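No lab work stands behind these numbers, since they all come straight from the coordinates. From a predicted model like this one, the values you see are computed outputs, not experimental measurements. Backbone-built Cβ (ideal geometry, glycine too); neighbour counts: all protein chains shown.
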Amino acid sequence: MQADFHKLQVAGIVQETHDTRSFILAVPESLREAFSYRAGQFLTFEVPWDGMQLRRCYSLSSAPQTDAWPKVTVKRVEDGRISNWFNDSVNVGDWILVQPPEGRFVLRSNEGDHGIVLFGGGSGITPVLSILKAAMRTTERDVKLIYANRDERSIIFKDEIDLWLADFPQRLEVVHHLDSESGFMSVADIQEHIRGWEDGEFFVCGPTGYMDTVEEAFKASNIDAGQTKFERFISPIDPDRKDESAVVIPEQSDDEIPESFTMVLEGRSHDVPYEKGLTLLVSAEKAGHKPPSSCEDGYCGCCMALLKSGKVNMACHDALEPSDIERGWVLACQARPASREPLELDFDAEY
């Protein structure tokens, strides 16, 4: 079930770079619990635009251990409707519609003293910085940040990163890579950066090409996919553009329709009736359950669940990496049963 949108007031704006701003949001006492979050999560915004209500997700660059209010950071994108609206039109004191935080791009709870390796590309530094701050404040783990940018003036949070480095010189290592000086980061570059950190926990966020290169380097270095997390945001298709990218959903045959499926949610196992044509998410909601969800279009990843048994087809899985799918992760808002064999879905599984 989609979470409700709430009105939050913009309490502050920080001009981070020539094309990037951070927006600090004031959360009233009555919404503090709903807007509690973990470092690395994101917020979904709903913005009126030319008679439509458009939604976009932006990662939190704040961390609950270090920042009084949640903060998102938005980089201007060429022809980006909402990124330009944030940078050009939003002012301190304005009210914005926001959903409570979601996302699984967070520190695992059982990694002991293994190091943390963070890869940020451009504005992909946003959730990565959030995790860095939480790790420095709440753990004793060593952290390495590899941050790639086009040039010097494009480095978001440079001063803030320098301050963390000054405070934790023994635990934090920072590598800045500038394309203007060294060209695009290569697989060999990344392998060199992660040498000695192979048993760490890895987080990656940035442009598609950058993330693909990092993933290729992980494979070349035999880093297990279970050690890695990728945060990839794909903007939803706006209502006036849906016809341009219509998704063809294959028709289910009768032998692909189970009578029910098993769902693990909040520590309990439920038997959920299934009707032809419905997604697993809609089926769960019709049965009175409330699995996590947000966009319901397959781009945000809120409804990720681990498929323990059975087969499904997904109309869209933009929020998932190929390695996620290989490990059994599915998007409940896009998944429909593809066989009558017993199907078990686990929303509680740790990503």
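Key figures for this structure:
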item: Net charge contributed by nearby residues that have their C-beta within less than 12 Å of A217 (K/R +1, D/E -1); result: -4
item: Inter-probe distance in nm under a simple model that places probes 7 Å from Cα toward Cβ, at R81 and A68; result: 3.6
item: Burial ordering of M263, M136, fewest other beta-carbon atoms within 10 Å first; result: M136, M263
item: Inter-centroid distance (Cα atoms) of segment 153-216 relative to segment 77-119, Å; result: 19
item: Percent RCO, i.e. relative contact order, over segment 116-231, from Cα pairs under 8 Å lying at least 6 residues apart; result: 32
item: Segment 116-231 shape via C-alpha gyration tensor axes, a/c threshold 1.5; result: oblate
item: Least to most buried among H18, H289 (fewest other Cβ within 10 Å first); result: H18, H289
item: Label of the coordinate-derived value, Cα extents along the principal axes in Å, listed as (i) 58, 52, 39; (ii) 61, 48, 40; (iii) 51, 48, 48; result: (ii)
item: Per-peptide average of other Cβ atoms within 10 Å, ordering 59-67, 209-217 highest first; result: 59-67, 209-217
item: The chain: antiparallel DSSP beta bridges as a percent of all, rounded to 5; result: 60
item: Loop GluC sites (Glu not before Pro), segment 1-104, which have at most 16 other Cβ atoms in a 10 Å radius of their Cβ (DSSP); result: E33, E78
item: GNM top mover of P28, P100, P70 - the chain, alpha-carbon springs below 10 Å; result: P28
item: Residues E350 and A188, FRET efficiency given R0 of 41 Å [Cβ-Cβ distance, rounded to 0.05]; result: 0.80
item: Likely footprinting exposure, L129, L265, L8, fewest C-beta neighbours within 10 Å first; result: L265, L8, L129
item: Sequence-distant residues sharing a close amide H with V175 (under 5 Å, placed H); result: L145, I146, Y147
